[in-house]
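Single-structure report; data block below.
The values are calculated or read from the model by the stated rules, or taken from the named source; none is laboratory data. Everything numeric in this text was worked out from a predicted model, so none of it was measured. All Cβ positions, even for glycine, are placed from backbone atoms using ideal geometry, and neighbour counts span all protein chains on display. Calculation scope for accessible area: heavy atoms of the full protein, side chains included, ligands and nucleic acids excluded. Shrake-Rupley method; radii C 1.70, N 1.55, O 1.52, S 1.80 Å.
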Amino acid sequence: MQNTSSTQNKNTSSARGASHAGGDGSNGGAHDSAAPFLTDVKTLRERARQHIQQGAVTENYGADPKVVVEVLNAALATEVVCVLRYKNHYFMAQGIASEGAKTEFAEHAAEEQEHADKIAERIVQLGGEPDLNPETLTKRSHSEYKTAQSLMEMLREDLIAERIAVESYREIVEWLRGKDPTSKRLMEEILAVEEEHADDIQSLLAGMKSD
């Protein structure tokens, strides 16, 4: 009787061990428990080879890359127009009161150029082409290119343009949510800087009004 009991205990322990290993005594369940959301390696490798010409756009990309490229090209146009407007205001601002504003104009122009470069790089990653056609640039831009005669007018136009960019970029971020996390993160980073720009310009305007 003691031998029979001992044998049963061993069988029970073996069954439990097989259950923990994957149900059939193998290690088949180890991958699932480690990363149940991840496609198996063999399938990932096959997909990568089948559509290698698509570059960064893989099978599980959640949006239509052509539509995303179109949206990003509009954002690119917006950034380029902002660069040109800030450059114009930098060179045209006159007087002692303009020194602080000229510094902001130069900094903002440089940052908008960085944004444009990053957006253009992302467009290329998605298989598109950055549209920098000067004939259609202002039509595709969310904000307008407007010159101004006085420093106050310049600041007002810049603030309006930044507010337009902030609102439109927020909408782009929400639209990209769940579809393209890389483009979404890029636009979130740019949005944060545009909000800072709007705050900078608002502070300059408030200072001029108080004077």
Round to a whole number: what % of the accessible area of segment 110-211 belongs to carbon and sulfur, probe 1.4 Å? 47 percent
So which GluC sites (Glu not before Pro) in segment 68-157 end up in coil per DSSP with only 15 or fewer other C-beta atoms within 10 Å? GLU135, GLU144
Once R0 is set to 22 Å, what does the formula 1/(1 + (r/R0)^6) return for the Cβ-Cβ distance between ALA110 and GLU195, expressed as a FRET efficiency to the nearest 0.05? 0.80
Mind checking which aspartates and glutamates have their C-alpha under 16 Å from LYS118, skipping anything on the same chain fewer than 8 residues away? GLU70, GLU79, GLU129, ASP131, ASP180, GLU188, GLU189, GLU194
For the GLN202, LYS146 Cβ pair and Förster radius 25 Å, calculated FRET efficiency rounded to 0.05 is 0.90
